[in-house]
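Participant: For reference, the structure I am asking about is given below.
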Amino acid sequence: MSVVHLRLALPAALLSLAVLPAQSDIKAQIEFAKSKVYPALVNISVVAKSYEGGRPVRRPSAGSGTVVSPAGHVITNYHVVEGAERVTCTLPTGETIVAKVLSEDPSIDFAVLQLDLKRRRDPNVGLPFATLGDSDTVQVGDYVLAVGNPLALSSSMTLGIVSNTRRVFTDFLGNEAEDMDIGGPKTGMFTLWLQTDALILPGNSGGAMVNLRGEIIGMNTRGGAGMGFATPSNLLAKSLNQIVTYGEVRRGWFGVDVKPVPDASQRGALVAHVVPGSPAAAAGI
């Protein structure tokens with residue numbers, strides 16, 4: 001007696017279900033990531049001072065940030081606290097803590113705040129904080145959460161995937177363009193952005209982009225037209241370490257503005273400008 005083996009021809013769509021993670025698995029990972037970062041989210045309220053016609057003008061604004069140390073260090077965007085005269089941070093629990101701007105790094109649109117922990121309702125209660133992950137491990141297609149306070153509405157979270165890990169903005173000629181001119185120092189000059197389709201709205205600025213391990217792998221900085229852009233965590237970590245250690249960010253500088261050589265047959269770079277008194281000027285460039 002022979003045995004006949006039957007092979008069923010299942011549709012490809014059904015076969016693919018076998019390799020897809022269960023919905024409950026993804027939800028569990030999201031819940032885990034949320035538990036790691038959500039308690040450390042802060043809603044930042046700012047009263048900023050500027051001058052118009054020689055007179056001081058004060059305006060309220062809001063943004064997002066994340067507590068990243070038990071000592072009360074909060075990371076956010078420079079453009080959130082630019083010109084800040086008064087800063088307060090509100091935790092998801094509703095607790096409001098006064099903060100000061102510890103230092104700023106406009107070149108990557110980054111600022112570090114220091115919470116006044118002595119003025120907490122109960123200084124003995126531990127402060128929730130999140131940790132920075134390794135942004136170099138991020139890959140296109142990874143799930144990420146954008147956490148923040150869009151439109152000044154507290155404690156929001158959206159889900160998306162990473163679309164590009166080294167986004168550079170260019171002008172119409174294809175040259176790399178300095179990003180985000182906000183009327184002061186150019187920001188984003190040294191940033192290779194993490195691009196995502198997770199929804200980022202005004203007010204999300206300074207909030208955390210989080211992987212499903214609950215690590216901050218970027219800072220939400222700008223968004224629109226279905227695209228969001230975050231500053232990679234490894235870039236933030238370098239500035240954060242210098243600010244905590246030295247009270248400022250220290251970078252080497254050369255003092256030249258270079259552009260691509262217009263003639264494709266030539267090699268090198270075109271020196272468009274040399275800053276007077278710079279190391280480049282002293283070297284005879």
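The values are calculated or read from the model by the stated rules, or taken from the named source; none is laboratory data. The structure displayed is predicted, hence computed values, not measured ones. So basically every Cβ, Gly included, is an ideal-geometry build from the backbone, and we count neighbours across all protein chains shown. What goes into the accessible areas is simple: the full protein's heavy atoms, side chains included, and nothing from ligands, DNA or RNA. Shrake-Rupley method; radii C 1.70, N 1.55, O 1.52, S 1.80 Å.
Participant: Go through (1) among the aliphatic types (A, V, I, L, M); (2) within 15 Å of Phe229 (Cα to Cα); (3) in a loop (DSSP other than H, G, I, E, B) one by one and return the number of the condition Val125 breaks.
Facilitator: Every listed condition holds for Val125 apart from (2).
Participant: Find all pairs meeting these conditions: Cβ atoms under 7 angstrom apart; at least six residues apart or on different chains; first residue within the stretch 248-260 and touching a residue at least 40 places away in the same chain (Cβ under 8 Å); second residue part of a loop (DSSP other than H, G, I, E, B) and not small (Gly, Ala, Ser).
Facilitator: Lys259/Asn175; Pro260/Asn175
Participant: Is it fair to say Ala281 is on the phi < 0 side of the Ramachandran plot, over 32 Å from the mean Cα position of the chain (by Cα) and part of a helix (DSSP H, G or I)? Walk me through it before giving the result.
Facilitator: On the way: on the phi < 0 side of the Ramachandran plot: yes; over 32 Å from the mean Cα position of the chain (by Cα): yes; part of a helix (DSSP H, G or I): yes.
Against the criterion (on the phi < 0 side of the Ramachandran plot, over 32 Å from the mean Cα position of the chain (by Cα) and part of a helix (DSSP H, G or I)), Ala281 qualifies.
Participant: Please go through the stretch 23-65 and pick out each residue that is assigned to a helix (DSSP H, G or I), open to solvent by less than 90 Å² (accessible area, probe 1.4 Å) and without any contact (Cβ under 8 Å) to a residue 60 or more places away in the chain. Give the derivation first.
Facilitator: Filtering the stretch 23-65 down to residues assigned to a helix (DSSP H, G or I) leaves 23-40.
Then keep just the ones that are open to solvent by less than 90 Å² (accessible area, probe 1.4 Å); that gives 24-26, 28-30, 33-35, 37-40.
Of everything in the stretch 23-65, those that are assigned to a helix (DSSP H, G or I), open to solvent by less than 90 Å² (accessible area, probe 1.4 Å) and without any contact (Cβ under 8 Å) to a residue 60 or more places away in the chain turn out to be Ser24, Asp25, Ala28.
Participant: Report, by residue number, each residue of the stretch 214-243 that is in a loop (DSSP other than H, G, I, E, B), open to solvent by 20 Å² or more (accessible area, probe 1.4 Å) and under 11 Å from Leu132 (Cα atoms). Step through it out loud before you land on a result.
Facilitator: Going through the stretch 214-243, the residues in a loop (DSSP other than H, G, I, E, B) turn out to be 214-215, 225-226.
Imposing the further condition that a residue be open to solvent by 20 Å² or more (accessible area, probe 1.4 Å) reduces the set to 215, 225-226.
Result: Glu215, single match.
Participant: Of the residues Val68, Val98, Val87, Val80, only one is surrounded by fewer than 18 Cβ atoms within 10 Å (Cβ to Cβ) and either in contact with a Phe, Trp or Tyr (Cβ under 9 Å, 6 or more places away or on another chain) or more than 16 Å from Leu132 (Cβ to Cβ) (or both); which?
Facilitator: Values: Val68 fails: surrounded by fewer than 18 Cβ atoms within 10 Å (Cβ to Cβ); Val87 fails: surrounded by fewer than 18 Cβ atoms within 10 Å (Cβ to Cβ); Val80 fails: surrounded by fewer than 18 Cβ atoms within 10 Å (Cβ to Cβ).
Step by step, each of Val68, Val98, Val87, Val80 is checked, and only Val98 is surrounded by fewer than 18 Cβ atoms within 10 Å (Cβ to Cβ) and either in contact with a Phe, Trp or Tyr (Cβ under 9 Å, 6 or more places away or on another chain) or more than 16 Å from Leu132 (Cβ to Cβ) (or both).
Participant: Could we say that Leu113 is under 17 Å from Val37 (Cα atoms) and buried (at least 17 other Cβ atoms within 10 Å of the Cβ) here? Steps first, answer last, please.
Facilitator: Values: under 17 Å from Val37 (Cα atoms): no; buried (at least 17 other Cβ atoms within 10 Å of the Cβ): yes.
No, not satisfied.
Participant: Just to be sure, is Gly141 at pLDDT 90 or above, closer than 18 Å to Thr76 by Cα and of a type outside the set (A, V, I, L, M, F, W, C)? Talk me through it step by step, then tell me what you get.
Facilitator: On the way: at pLDDT 90 or above: yes; closer than 18 Å to Thr76 by Cα: no; of a type outside the set (A, V, I, L, M, F, W, C): yes.
Against the criterion (at pLDDT 90 or above, closer than 18 Å to Thr76 by Cα and of a type outside the set (A, V, I, L, M, F, W, C)), Gly141 does not qualify.
Participant: Of everything in the stretch 75-115, what is in a strand (DSSP E or B), among the β-branched types (Val, Ile, Thr) and touching a Leu at 6+ places or on another chain (Cβ under 8 Å)? Give them in sequence order. Give the steps one after another, and end with the answer.
Facilitator: Of the residues in the stretch 75-115, the ones in a strand (DSSP E or B) are 75-76, 84-90, 96-105, 110-115.
Among the residues that remain, those that are also among the β-branched types (Val, Ile, Thr) are: 75-76, 87-88, 90, 96-98, 101, 112.
Ile75, Thr76, Val87, Ile97, Val98, Val101, Val112, listed by residue number.
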